[in-house]
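Colleague: Here you go, one structure.
The values are calculated or read from the model by the stated rules, or taken from the named source; none is laboratory data. Because the structure is predicted, anything quoted here is derived from the model rather than measured. We place every Cβ from the backbone using ideal geometry, glycine too, and count neighbours over all the protein chains shown. Heavy atoms of the whole protein, side chains included, go into the accessibility calculation; ligands, DNA and RNA do not. Shrake-Rupley method; radii C 1.70, N 1.55, O 1.52, S 1.80 Å.
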Amino acid sequence: MGGEAPQRAPSSYPKLVTRPVGQRPKNIYTDRLGQFTAGGQYDRYNLTSKYWEAIITDQEYIKLSVYSPPNLQRPTFEDAVSHEFQPTHVGASFGPSWSTHWVCIRLTIPKDLLHKERLEFHWDAGNEGLIWSEDGIAIQGLAGGDQRTDWILPDAWRDGKEHVFYIEMACNGMFGNSTGDTIQPPDPNRYFNLGKAEIIAVNLEARSLFYDFWMIGDAAREFPGDSWESHEARNVANEIMDTFIAGNGSQESIKQARKVAHKYLGDKIDSHKVYEGDAESLVLGTGHCHIDTCWLWPWAETRRKVARSWSSQCGLMEQYPEYRFTCSQAQQYKWLEQDYPSVFDRVKEWVKRGSFQPIGGSWVENDTNMPGGESLVRQFVYGQRFFESHFGERCTTFWLPDTFGYSSQIPQICRLAGMSRFLTQKLSWNNINSFPHTTFNWVALDGSQVIAHMPAAQTYNSDGGFGDVKRSVTQHKSLDKDNTSPLIFGFGDGGGGPTCMHLEKLRRCRGLSDKIGLLPRIKLGDSIDDFFARLEKKAVEGTEFATWYGELYFEFHRGTYTTQANTKRNNRKAEFTLRMVELVATLASLEKTQSHYKYPKEELDHIWEGVLLCQFHDCLPGTSIRMCYDDTDKLYKEAFTKAQRIKNEALKALGFASSQDTKQGMVAINMLPWPRSEIVKISNVPSTSSGPKYALVSGDTGVINAKPLLSTQSTSVSVKEIHSGVFRLSNGRLRLDVQDGLITSLFDLEAKREVIASDGKACQFVIFDDKPLYWQAWDVEIYHLDSRKVLPSGKTRILEDGPHRASVISETKISDNSWVKTTVSLSATVGEESSYVEIESEVEWRETMKFLKVEFPVDIWNTEASYETQYGVTRRPTHYNTSWDMAKFEVCCHKFADLSEHGYGVSILNDSKFGFATCGNLMRLSLLRAPKAPDSDADMGRHHIRYAILPHAGPLDYRTVRAGYNFNNPLVLQPASGREAASIFKSVYLTGSKSLVLDAVKRGEDDEDVSRGEFPKRPGKSIILRIFESLGGKGRGTIHTGFPVKKVWKCNILEDDETELHPYSVEKGQLCVDIELRAFEVATYRLQL
């Protein structure tokens, strides 16, 4: 055909088929992968059998002896080793729960192991332990089970000689001592068997192949089934198995199998250099060890958990240069410094190197719902001062991964504490609505904002595996603005932290990302602050992150507003006590007194640190075991005793009487920053006495002379039985009818309107079945409302029919074991002071999984109710329009909740409660719960609860705010001496807008006569004033002082001077400073003397 065609090279493709080849069934070849590292019938033939080159258990090489301290003591190393040790052995049993046993190990490495690449000591008693050197240095923690049971033996011990070390064994697991479900109360008689005490020669190649295979297997299972990456992972994993089998599991076959693994993971995975390179990383890996400061174990055990966990992390930093460990809670650092100074020194060194990274800025990871505003401030004052004084820097990120909801003023307080960033993940636990953001601007009531992030992996205890790295992007809800997120990895809640496993897995995740792709690239070596700095830079450069205004309400754990009522009462009482004590101590330290009174800063710091400790997010919310509340009861008792002594000493310095002699009459000290007019009961007056039982106290801040009121004086207060069993109390402003313990009518005589809803009955006790889905002490579920049961009361009788106060009392039977005695009282009106109905309930509570509440149906209509929060008011819906509205069926309030319509409203005051609900016009105060886990005796016993109904003409205003303070700070009469420095309380005061509240008066932290030496002393003396706007509008006022003030600064809560103000004189010896606060602003002023 016109010439020969060009000749092509012959094909190398075989002409004849050699054998049939089928398509591998994907599911079978995927399921096969489990054989390679599983126990069971194949463990003698798979990789599992190759992990150890030798295991030594012989007592010739491992000699054990033990000292068991009596009475659950936790002795120091020095004390423990001074005792005689008795022989013990593997298989021995140790207990009971919470006991400590010191085991001495005399170890000799056999000659045939001296040249092995890696020698480890493996110990597993199923409980926690701490390894100590022979000379008393804490080395590393042990956790038992599948966490941390190994310790790398020092190379110096490869000398054939006997070496001694100790293990301090704690008879508790990582999560306490429950023998069943984790949150059940601890078993007091739990025992632990020593299952392992071995010298191990580790096959490092086999261990590395285990991690290689784990990650490749995860890729096969978790990458999309139709993706090339998943198919390739399955092929490589099967090739690894085939290579191992072909080499009969030899060491050479393991090495060859690792080379196969490198095809998928890259060849840098055995080094920190795997993280080198300029490729963008979307995920920042940081180690963490969440240690609940108390929970299923007491504080004393937490102190040891800190040493165990953190010493282990220091060891990891020596092995893994890329490792960064993020760690919060100044209290835990302080405990470490006190109890384990050598470990604290190691931590400080790693902080200097940048590997151990303090974070959070707070004293503990505190609850933010129930502590008062000043408590939230002090969390940061004490936390930031500790971090700066010990590590040279303040924290910039508030770290609260596990707290149960976040109150609306946190962003403002953060900014005032030098922090612009916030991290949590707890809202991922919401059980009704999914929180819509990952990265966002969180805005406080006053408009202050922080950049907030919730890790997309939705955990702070990541296992460092393939899935969590992947979810760090696939679950990210803010990808339109930013696609990065931190991965927080390590064993947590009970401590422990990361192990080698986490770091080895993450190296392979990074290698996989670089080699294969698809998996988000992770990087170790940066900090959480680095992560937030990049977010802030984006915001500054124009990225508009979504905004979230107000509280981050947690749709879960709503029962924590009520559980452990005694602790909540003590917290409220402690906050008010400290406010008073700091005020009088400040005044006494600045007044010229004969005793030359010195401000007791060290003692006040000690009290504050204890109160802040009790605000930890498993303590104050009521979700810890009974041992924890035994501890808090002791701490509060000590705090109140010490505070009372400080107060008495300060008052004595100011000239107040210390005797009970009333010849000079009686006085009350009004320590609140506004006038008060009240009828106050005179204590210790016999009921048979014809003398005065009440006194009128009316005056401004400071000393008020009490005017005893005779029982013959006529007032407008009366009580009478108007019908059989119906009692009417009246005081000229309010008139109420009580029948069978219920308020059937409350009439405002001045406003001429009924307060109680038509056909409604106030002070109605109701009880609910309270069995949450799982978390007993934590949760109350919405379905509990379906079980509402009205508790009928018994007959009402007159308790007090005096001219100054009228009371009726009723008893309500809850069950055969529980009852409520309720006193409803009305006092005589005094001047323009608001009048309210005071209710006191004495409750004997012996229930199981029940919830007691009291209801107030009011004749008010509004779609929102107002609840006091720290430094302001949070408004929440009274309807269930949306699932977001319905989710707030139980909310947190502080001293009052209010429902107002145009022109009129009703406030419910309380002295120790935090749970509340307003459904339509029904206001409901939560009183007591009865969960049985983790404390089976939670709230059992006697309770005294005060609350009040405060009707008011007009909107919610300063009257309710002040009434809430007054109700929680009753005036107390004491003998007058005639020498009181009455004018001293006018040395500093505030005038102007009635929405402004002077909430704290204290001395400057670093005043030269006060400083404890953490920072350079400030010359002279200063007064710190904390003022806030309480109602949501601009507030203007004037600070007045009679002290010789030289300068006035507006500062942050850490008392850094920011803006100088200019005082002016209005009269001799008086200086004034005008101030202006925006709505809900918290402002701190420093008056330099």
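Colleague: Of the peptides 1016-1026, 885-895, how do they stack up when ordered by the mean number of other Cβ atoms within 10 Å, highest first?
Modeller: Peptide ranking by packing, descending: 885-895, 1016-1026.
Colleague: From the residues 422, 675, 356, which one has its Cα farthest along the dipole of the chain in the positive direction, the dipole being from +1 and -1 charges on Cβ of Lys/Arg and Asp/Glu about the Cα centre?
Modeller: Checked the options; the winner is 675.
Colleague: Next up: Just add up the charged neighbours of residue 874: K/R +1, D/E -1, any other residue whose Cβ is under 9 Å from the Cβ of residue 874.
Modeller: 0
Colleague: Where the accessible area of the stretch 561-654 is counted over protein heavy atoms with a 1.4 Å probe, how much of it, in %, is carbon and sulfur?
Modeller: Solvent-exposed carbon and sulfur of the stretch 561-654 make up 51 percent of the total.
Colleague: Also: Provide Rg and Dmax in Å for the chain, with only Cα atoms included in the calculation.
Modeller: That works out to 33.8, 142 Å for Rg and Dmax.
Colleague: Next up: What is the Cα centroid distance between the stretch 391-466 and the stretch 272-305, reported in whole angstrom?
Modeller: After rounding, the separation between the Cα centres reads 16 Å.
Colleague: Please give the charge dipole size of the chain, origin at the Cα centre, charges +1 on K and R Cβ atoms and -1 on D and E Cβ atoms. Round to the nearest 20 debye.
Modeller: It comes to approximately 1260 debye.
Colleague: First compute the accessible area of the stretch 460-508 with a 1.4 Å probe, then give the percent of it belonging to carbon and sulfur atoms.
Modeller: Carbon plus sulfur share of accessible area: 47 percent.
Colleague: Quick one: if you stick a label point 7 Å off each Cα along the C-beta vector at residue 163 and residue 263, how many nm between them?
Modeller: That separation, rounded to one decimal, is 4.2 nm.
Colleague: Follow-up. In the chain, if the dipole is taken from +1 on Lys/Arg beta carbons and -1 on Asp/Glu beta carbons about the Cα centre, which of 949, 25, 178 is farthest to the positive end?
Modeller: Farthest towards the positive pole: 949.
Colleague: Leaving ligands, DNA and RNA out of it, rank 137, 814 by accessible area with a 1.4 Å probe, largest first.
Modeller: 137, 814
Colleague: State to the nearest 20 debye the size of the charge dipole of the stretch 451-583 about its Cα centre, where the only charges are +1 on K and R beta carbons and -1 on D and E beta carbons.
Modeller: 320 debye
Colleague: Something else now. Round to a whole number: what % of the accessible area of the stretch 253-336 belongs to carbon and sulfur, probe 1.4 Å?
Modeller: That fraction is 46 percent.
Colleague: Over the stretch 49-202, average the accessible area per residue using a 1.4 Å probe and give it in Å², no decimals.
Modeller: 44 Å²
Colleague: Could you sort 551-559, 775-783 so that the peptide with the highest average Cβ count within 10 Å comes first and the rest follow in order?
Modeller: Per-residue Cβ counts within 10 Å, averaged per peptide and sorted highest first, yield 551-559, 775-783.
Colleague: With every protein chain present, what is the per residue accessible area of the stretch 561-654 (1.4 Å probe, Å²)?
Modeller: 35 Å²
Colleague: Taking the highest mean first, how do the peptides 98-109, 55-66 order by number of other beta carbon atoms within 10 angstrom per residue?
Modeller: In descending order of packing, they fall as 98-109, 55-66.
Colleague: Before I look further, what does the stretch 921-1014 give for accessible area per residue, probe 1.4 Å, in whole square angstrom?
Modeller: Normalised by residue count, the accessible surface of the stretch 921-1014 is 31 Å².
Colleague: Can you give the helix-only mean residue ellipticity at 222 nm for the chain, where every DSSP H stretch with n ≥ 4 adds -39500 (n - 2.57) and the sum goes over all residues, rounded to the nearest 500 deg cm²/dmol?
Modeller: That calculation yields -7500 deg cm²/dmol at 222 nm.
Colleague: Lys/Arg Cβ at +1, Asp/Glu Cβ at -1, dipole of the chain taken about the Cα centre: which of 1070, 54, 34 is farthest positive-ward?
Modeller: 1070
Colleague: About its Cα centre, how strong a charge dipole does the stretch 718-968 have in debye, to the nearest 20, once Lys and Arg get +1 and Asp and Glu get -1 at the Cβ?
Modeller: Value, rounded to 20: 180 debye.
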